[in-house]
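The values are calculated or read from the model by the stated rules, or taken from the named source; none is laboratory data. As the structure is a computational prediction, the values presented were derived from the model and not from experiment. All Cβ positions, glycine included, derive from the backbone under ideal geometry; neighbour counts span all protein chains shown.
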Amino acid sequence: MTDALAQARELIEPVVAAAGLALVRVALTGGRDLTLQVMAEDPATGQLTLDQCAELSRALSAVLDAADPFPGPYRLEVSSPGIDRPLTRVADFARFAPHRARVELGAGIAIGGAVRKRFQGALAGVDGADILLDAEGIGMVRLPFADVRSAKLLLTDALIAATTPLDMQGADVVVEQAADGRTTTRKPGQVRQ
């Protein structure tokens, strides 16, 4: 399945770029029920609007349906990376310093006579191909980007405060749909009429 995922990524990258977006991650999850997850962002905002997501999904569906890179059925999931996003590019580790992250290495690094693979702490940038992390209980460590198995930001108050929503219009409106299909809107706490 690794070859099929690599082929899918080769198909996905130019479609994402043509949409003016940056590819964050392509992953295949699930066992019998496969999901091809594509995360992208608008370089100007670091986020993805619902319209951008829908347009990208349609464009990717057309290309992937024509090429059919997987031997069986799969579901396509196109999304924004979200606030506690995965860190997949070297530049991500510099961009999100000094926010907190969890990083897991494949082979690990030797610290105090033991090999350690999991780290959590404040990102301190990058130096060449190494990630600098002020790791809890250890201090400053250099983690080789080539050995990163997974990494993601941790949801903290500081990260929430630093993340600006694209549009808050309608965020305080509740939309309800009745059994007969009619929809009503109201503010939270407002009594239904």
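Condition test on Q37, is it out of contact with any Gly (no Cβ under 7 Å at 6 or more places or on another chain), surrounded by 13 or more Cβ atoms within 10 Å (Cβ to Cβ) and assigned to a helix (DSSP H, G or I)?
Working: out of contact with any Gly (no Cβ under 7 Å at 6 or more places or on another chain): yes; surrounded by 13 or more Cβ atoms within 10 Å (Cβ to Cβ): yes; assigned to a helix (DSSP H, G or I): no.
No: the conditions fail for Q37.
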Hits in the stretch 139-161 - residues which are part of a strand (DSSP E or B) and closer than 13 Å to L87 by Cα: V148, R149, S150, A151, K152, L153
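Taking only the stretch 82-138 into account, find how many residues are more than 19 Å from I160 (Cα to Cα) and assigned to a loop (DSSP other than H, G, I, E, B).
First pass over the stretch 82-138, keeping only residues more than 19 Å from I160 (Cα to Cα): 88-91, 103-119, 125-138.
From the residues that got through so far, the ones that are assigned to a loop (DSSP other than H, G, I, E, B) too are 88-89, 112-113, 128-129, 136-138.
Final tally of qualifying residues: 9.
Report yes if some residue within the stretch 67-85 is under 22 Å from T156 (Cα atoms) and basic (K, R); otherwise report no.
So the first thing to find is which residues in the stretch 67-85 are under 22 Å from T156 (Cα atoms), and the list is 79-85.
Checking the rest, the ones that are also basic (K, R) come to 85.
Looking through the stretch 67-85, at least one residue is under 22 Å from T156 (Cα atoms) and basic (K, R).
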Close pairs (7 angstrom Cβ cut-off, 6 or more residues apart or separate chains): under 16 Å from A44 (Cβ atoms) in the stretch 8-22, buried (at least 16 other Cβ atoms within 10 Å of the Cβ) and hydrophobic (A, V, I, L, M, F, W, C) anywhere: V16/L23; V16/A40; V16/L56; A19/L56; A19/A59; L21/A40; L21/L56; A22/A40
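With under 19 Å from R9 (Cα atoms), under 18 Å from the mean Cα position of the chain (by Cα) and loosely packed, with under 13 Cβ neighbours inside 10 Å as the only criterion, which of A44, A54, A62, A66 stands out? Don't jump to the end; show me each part of the working.
Values: A44 fails: under 19 Å from R9 (Cα atoms); A62 fails: under 18 Å from the mean Cα position of the chain (by Cα); A66 fails: under 18 Å from the mean Cα position of the chain (by Cα).
None of the other options fit; the residue is A54.
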G106 vs. criteria farther than 22 Å from I12 by Cα, modelled with pLDDT under 95 and outside the structural domain of V16 (by TED's automatic domain parsing): no
Residue that is farthest from the chain's Cα centre (by Cα) [pool: residues in the stretch 23-36 that are farther than 21 Å from G82 by Cα and touching a residue at least 12 places away in the same chain (Cβ under 8 Å)]: D33
Residue count for the stretch 96-115, restricted to those that are touching a residue at least 40 places away in the same chain (Cβ under 8 Å) and either among the charged types (D, E, K, R) or touching a Lys or Arg at 6+ places or on another chain (Cβ under 6 Å) (or both): 5
Contacts under 7 angstrom Cβ, first residue in the stretch 37-59 being more than 17 Å from R25 (Cβ to Cβ) and of a type in the set (A, V, I, L, M, F, W, C), partner part of a helix (DSSP H, G or I) and modelled with pLDDT of 95 or more, 6 or more apart: A59/V15
Those residues of the stretch 103-119 which are buried (at least 16 other Cβ atoms within 10 Å of the Cβ) and within 22 Å of the chain's Cα centre (by Cα), in sequence order: V103, E104, L105, F119
